[in-house]
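The values are calculated or read from the model by the stated rules, or taken from the named source; none is laboratory data. Since this is a predicted model, take the numbers as computed values, not measurements. Here Cβ is always computed from backbone atoms with ideal geometry, including for glycine, and neighbour counts include all displayed protein chains.
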Amino acid sequence: MEAFFIDFLQAAAAGLMVGGTYGLMCVGLGIIFGVMRVVNFAHGDFMMLGMYVAFYLVGMLGLGKVFGPSAAPIIAALAAGPVVFLFGILLHRYLIARVTGAKVASADAEGHYTQIILTLGVSLILQNGGLILFGSLPISIQTPLSRESWELGPVFVNQARTVSFVIAVVLALVLYFFLARSRLGKALRAAADNPVAASYVGVDVDRAHRLAFGLGVGITAIGGGLIASTQTFQPYIGFDFVIVMFAGVVLGGLGSILGAFWGGLTIGMVQQMSTLILPHQLQNTAIFVVFLLIIFFWPRGMFGRTWERT
Amino acid sequence: MSAPSGPGRAPVASGSDRAPETNNSRRQLIAIGVFALVFLAVGMVVTNSYYQLMMTLVLIWATMGLSWNVLSGYSGLVSFGQAAFFGLGGYTMTIAFVKFGITPWLGIPLGVVVGVVAGVLIGLPTFRLRGHYFGLSMLAYPLAMLYVFEWLGYQEVSLPMKRENPIAFAQFADQRMYILLAMAFLIVAMLICLKVEGSRFGRSLLAIKQNEPAAEAAGINTLRQKMVAIMLSAGIAAAAGGLYANVLLVVTPQTMFGMLISAQALIMSLFGGVGTLWGPVIGAAILVPLAEILHGELGSVLPGIQGVVYGLAIIIIILVAPEGIYWRVRDHFAAKRAAANPEPPEQKVAAKVEARPAEPADRRALESAKPILTLEGVTLAFGGLKALDGVNLSIKQGAIHGIIGPNGAGKTTLFNVINGFIPPATGRIEFEGKSLLGLKPHQVCWRGVGRTFQVVRAFPRMTVLENVITGAFAGSPTDAGARDLAHEALERVGLAGRQAQAIAGGLTTKQLRLLELARALASRPRILLLDETFAGLAHDAIDDLMPIIRQVNREGVTIVIIEHTMQAMVKLADEFSVLNHGKVLASGVPSEVVRDRAVIEAYLGKKWIDRAENPVA
């Protein structure tokens, strides 16, 4: 019993640490959905890009030599954000904006499927393009932190995961206050609430969408960069994570930034705690089951309304 | 899809409506036959086994695309999880073969059964979800199964070679046999789609796709239709999966349940054309060889080239021709034909009903009429807001009963509660002496309650006639009967003749209101709930519409009408109810209600007293 209790605490601690990073990634997906009302299928693949960008920054650009082996992966993860942000901005500008934005904002769900399917195409290209560019060999970012742990009583917490957790929480808070307080944040929220009205009062809705998309994928890329030092990855890793992120965002309530963070955190806990009772391979199945249960049993809170207006 | 497609979505409707279905399906049958013969003729002369395999794969992926099409193409519920059924079909066949020595001839049908059962189990909970939630949860099923099959230890299962009796185990030395087999599967799937397209079931699915609440209110049991669709779809996908495993002789979780499988099913259909049986065939015929050849030529240098091809294909098609190649080509020719023979100018068909003179006798008869619809203490709250607060209402048989009240008074909510969109928290609703509580909208419609919507909910890509036929399904068990009812309803509202062939998406507001009225009438209702039928209409249009409503009423249909324009209301209604903050303030004949102090002060203004005392009509 004692041993199980310690295992339980251990899994909960691991879940919390992993969940923080998931939370940050969910915030990225949540911003995109909240502002654009677009489910971004390719979101996991932007996370994958973040991982590879961080990996190459550490290795090829020699960040490791400049900042030392412990700090370099963290700096690289943070630097992956702006890189993927720019990529996201360009992708939105030249591709995604063609089927989203002010002109289709008033369209019903029908129009949204076009957008989902477009991001599915982007996802296929990123995954398989990643396979061509990066190869299929699983890699990870080496850091001494991932082999060290801090002891909190009977519980060990991995140092790399803990540092990631702290960074993720800080970033999520910064982003939250940015969206709540800043002028740009207000424009983003206006564009989210009512794109047509926002455009009448001078908000450039297309620009707001572009920024939201860039911000969303950039944030998630940082999350990806952070977990790249605690697990191996290959170009197809995005799909394992996209369901994790969908689940987190839905759990928190589509459109809510803070909710997305809590949702991601919860999913991280579920994933780690499921190993207490389920075989390791079924971790992700547990997440899917939780995900399905959430959407079946909490429909009203999340749907907002169950029937369209007549 | 921004431009979901389906029969009748082309901008120009063709020809007369008399029995076009039988003609059309004969043409389609011939087309399927010609396609099969040409494909098989090519397949039989090809000797390179690589090309033979490619041709087999084209057929299997076309079948898989059709399975997606049956569910998502017609009903508009986009499934990202077709791999769930494909994988179950493939794994059932494989496990039956490897573990129990069951031949694929039985294993594939067994897989179909498993697939259909999975369709039921997945459909029942998932169809409660809408929009994004439906798409996302469909995505989760195959991925969850993928991990389960990995965990069960089925990472890679090969079919044993049966050298002593290969044909009994569907193993052929001659690759061309697989082309024949796959063609048989595809033809069955195409015939199913053809049957669906021409049927009442297919039309119901299209109605669901274009406007689900309207479909439900028009008497379509949307859940049942969707369940049938997912069962058909799952069965076809499972058959394709079983055959795929049989041809490749090996299954892995990734090749059976992987995301690329679901994506390919969707991409074949979208690329070729959504909502038509030719779409997936065209898509597969172009994309499968393209991806396979590129993979063969460049696969060693560019390992993910297949996925990139599919990704690019889907992006290009969404940007250039979101409705798919088939419809793009068809629209192109339809436009040419239309340019060649321009339509004659639309002739105005005036309603052949004259205004009803004031008939005091009628009014007196009404006073003694018994109520057809009664509401007692109906209450409904949205959070803290009481949308309906103890509503008592009695609608007399044969009356035109007006419901007025300011915005947000709960008028539309009242209709939604009556026709079953929203269950009330408390209270009783009785129609012809029987409770309507707990019934779904389509059941309420079948009981004889028709309705129209404040925001017109036509099926925009159907013709006027098809719209009305959809409503007539609730009025007649046979397709011919439904067609007759629809024609009759169109006569009654003055939309018969050429206008009946117009596409609903291009109608004026007035025509749309008439269309909704006809669609509701076609179900042969005994009571009609009209939600702001005059909204957005000019005075002369209102004057055209009013005699039609009166005529319908005189033919025995009780009418409840929500209206803002008092002038029209005073002219039209026999009785009034005034609703405010979810409560009925006053009810009775117009002259009395309009004199009610509270009502006047709150909403109407003093001048209405004069109007009511000296009615213009």
inquiry  = Out of everything in the stretch B:409-462 that is free of Cβ contacts under 8 Å to residues at least 12 places away in the same chain and within 14 Å of chain A (Cβ to nearest Cβ), what residue ends up being farthest from B:Asp389 (Cα to Cα)?
reply    = B:Val455
Scan of the stretch A:144-177 for residues that are surrounded by 15 or more Cβ atoms within 10 Å (Cβ to Cβ), within 20 Å of A:Gly68 (Cβ to Cβ) and more than 22 Å from the chain's Cα centre (by Cα), ordered by number = A:Leu145, A:Ser149
inquiry  = Checking B:Gly107 against (1) within 28 Å of the chain's Cα centre (by Cα); (2) buried (at least 19 other Cβ atoms within 10 Å of the Cβ); (3) part of a helix (DSSP H, G or I), only one condition comes out false. Which one?
reply    = (1)
inquiry  = Residue under question is B:Leu507, and the condition is that it be surrounded by fewer than 24 Cβ atoms within 10 Å (Cβ to Cβ), aliphatic (A, V, I, L, M), touching a helix residue (DSSP H, G or I) at 6+ places or on another chain (Cβ under 7 Å) and over 18 Å from B:Val468 (Cα atoms); does it hold?
reply    = no
message = When you check B:Gly153 against the structure, is it of a type outside the set (S, T, N, Q) and within 14 Å of chain A (Cβ to nearest Cβ), yes or no?
response = yes
message = With the structure loaded, tell me whether B:Leu243 is at pLDDT 90 or above, part of a helix (DSSP H, G or I) and over 22 Å from B:Ala62 (Cβ atoms) or whether it fails that test.
response = no
request  = Give the residues of the stretch B:64-112 that are among the polar types (S, T, N, Q) and touching a helix residue (DSSP H, G or I) at 6+ places or on another chain (Cβ under 6 Å), sorted by residue number.
outcome  = B:Ser67, B:Asn69, B:Ser75, B:Ser79, B:Gln82, B:Thr92, B:Thr94, B:Thr103
query = Is it the case that the stretch B:561-568 has a residue that's in contact with a strand residue (DSSP E or B) (Cβ under 7 Å, 6 or more places away or on another chain), at pLDDT 85 or above and part of a strand (DSSP E or B)?
reply = yes
Residue ID - surrounded by the most Cβ atoms within 10 Å (Cβ to Cβ), chosen from residues in the stretch B:155-210 that are under 23 Å from B:Met64 (Cα atoms) and among the charged types (D, E, K, R) = B:Arg203
query = How many residues are of a type in the set (A, V, I, L, M), assigned to a helix (DSSP H, G or I) and within 14 Å of chain A (Cβ to nearest Cβ) when one looks only at the stretch B:257-289?
reply = 10
Residue pairs meeting the criteria (Cβ under 7 Å; at least 6 apart or on separate chains; first closer than 14 Å to A:Phe246 by Cβ, in the stretch A:281-295; second outside any helix (DSSP H, G or I)) = A:Ile295/B:Leu129
Residue list for the stretch B:212-222, restricted to those being over 11 Å from the mean Cα position of the chain (by Cα) and away from chain A (no Cβ under 14 Å) = B:Gly219
ask   = Looking only at residues in the stretch B:293-312 that are more than 8 Å from chain A (Cβ to nearest Cβ) and part of a helix (DSSP H, G or I), which one is farthest from B:Ser49 (Cα to Cα)?
value = B:Val309
query = Could you say which residue among B:Leu139, B:Leu152 is without any contact (Cβ under 8 Å) to a residue 40 or more places away in the chain and within 22 Å of B:Met256 (Cβ to Cβ)?
reply = B:Leu152
message = With touching a Leu at 6+ places or on another chain (Cβ under 7 Å), under 17 Å from B:Gly398 (Cα atoms), among the β-branched types (Val, Ile, Thr) and not assigned by TED's automatic domain parsing to the domain that holds B:Ser75 as the only criterion, which of B:Val552, B:Val464 stands out?
response = B:Val552
query = Taking the stretch B:28-53 on its own, how many of its residues are surrounded by 11 or more Cβ atoms within 10 Å (Cβ to Cβ) and either modelled with pLDDT under 85 or not in a loop (DSSP other than H, G, I, E, B) (or both)?
reply = 18
